[in-house]
Structure formats: structure tokens, C-alpha cells
Amino acid sequence: AAVVKQQAHYAAGEPQVVEILLKMVNRTLVSLLSFMSFARTAVSMAYNFGKASSRIPLVFGVEAPGVPMKPGGKYNEKESVPTEVVEQWAEYLKEQGVSRTLCLLKQEELDCYANPGYASILESKGIKPSLVDVFQSEAGDKCWAAYQEAVESGEKIAVHCSGGEGRTGVVLGTLLAKDAGISSEDAASEILSTAEAEEVVRKVGAAKLDKLLKDNTLA
């Protein structure tokens, strides 16, 4: 009789044990998912990397390696950005499947990179850079040409200025507007909403999109 009572006691306790185990498993899964989400966000935020829009799936925005000439930043002097910083950035892009860049840096920003320089380092890593100063003439056409080359070859292209926010947002918006045949207002809104979803920062307004589209330069 004692054995029967003991077995009944264990049987009665089984649902509680199972419930406790399920709660522990659930908490572990929630913690794991939270960590994975944090890790993805941390990596994206590290380089401000994210897609531009689902309508132009080969295009991404990103900050420049070292973020040169940033007010109060670390690399504001000529040849101050170490080669290793550019190489690590290039490796990150390759991990994301990116094989082209559209660099919007001005010459004084490019001068911040140590020899052999931004373009040479990327080429040595198997990434093809296109350099376009958006404040120079025919900048809009040059950006579009770099994008078209990427589309024709089926390669992902990362667009960047220094911080990957302002000039990057404008160029992403113009590419979207031209490719999708939508207004500057709609393109700017879509770039911003996608950036929010990607947890990255872009800054773009319809007025600057119109200027680059109509004047072919932001100057």
C-alpha cells in the first residue's frame, strides 16, 4: 500500500515537473532569441549597414571604414585611417555578399586613408569601388551608371558617404526613384521606413532628391 501511495505521489507531481521544465525551456529560448536579435542589431549598427529598399534588392547603405572627417571623430587627419580598418570593413561587406561599393567621399575624406588608399585596398579584397563626389558635375549620372553595372552583373553594391546617413540616403533615394519610377517624396519616405525597419540611420528629404535628379549634382 505504501508503494502504491508513493507511486501516486510521483504521478501527481509529474505535471508540475513538466510545467517547470517547459518554463525553463521557454525562458532559455526567449533569452537566446533576444541575444540573436541583439547580435544582429549590434553588427548592423557597427557599420550602419542595411538594405535600401525591397524594390532595389541589390543596393545597401553603409558607413565608410573609419568614418573619416566626422566631427570629434578618431580619423580626421591625412592618412590616419589604418589599412587594417579598411580591410576589416571590406571583409564584413564580403560576408554580406557585397562585391561593389559606390563611394561618395570627397577628396579630403579619401585622403584620410593610409597608403595604398581606399580604392586599392578594396580591389585587393576583391571589391570593385566606384568613386563619385556628389558635389561635382554629372554626379547623378555617375551614380546611376555604377548602379546599372551592379544590376547587369547581378552583384550587390554598398553605397556610402562617411557616416552612411546624409549623402548615402540621398543617393539611395535617387536610385530608388529612377528605378521604380516613383516620386521623390515616395522614394524618401521608403528609404526612411526601410532604414527604421533595418535599425540603421539614413537622412533624406525630397528636396535634395529633386536637386540631384534635376541638377545632376548636390552642389
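Say each of GLU95 and GLU138 gets a label point 7 Å from the Cα, pointing the same way as Cα to Cβ; how far apart are those two points in nm?
Here the answer is 3.9 nm between the modelled labels.
How high is the relative contact order of the stretch 48-215, in percent, with contacts defined as C-alpha pairs under 8 Å that are six or more residues apart?
28 percent
List the GluC sites (Glu not before Pro) within the stretch 115-206 that fall in a DSSP loop (any state other than H, G, I, E or B) and whose Cβ has at most 16 other Cβ atoms within 10 Å.
Loop-located and lightly packed - GLU138, GLU155, GLU199.
What do you get for chymotrypsin sites (Phe, Trp or Tyr not before Pro) in the stretch 125-219 restricted to DSSP loop and a cutoff of at most 15 other Cβ within 10 Å of the site's Cβ?
PHE135
According to a simple spin-label model (label point 7 Å from Cα along Cα-to-Cβ), what is the distance in nm between GLU155 and ALA46?
The two pseudo-label positions are separated by 2.4 nm.
Could you give the nm distance between label points at SER120 and ALA206, where each point is 7 Å from its Cα heading toward the beta carbon?
4.6 nm
Taking H placed 1.01 Å from N in the peptide plane, check which residues at least 5 places from SER99 or on another chain put their amide H under 5 Å from its amide H.
LYS156
Of LYS128/LYS211; LYS178/LYS211; LYS128/LYS208; LYS94/LYS214, which pairs sit farther than 25 Å apart, going by alpha carbon to alpha carbon?
Too far apart for the 25 Å limit: LYS128/LYS211; LYS128/LYS208; LYS94/LYS214.
Readers should treat all values here as calculations from the given coordinates under stated rules, not as data from a laboratory. This structure is a prediction, so every number in the text was calculated from the model and none was measured. Note that we place each Cβ from the backbone using ideal geometry, even for glycine, and neighbour counts take in every protein chain shown.
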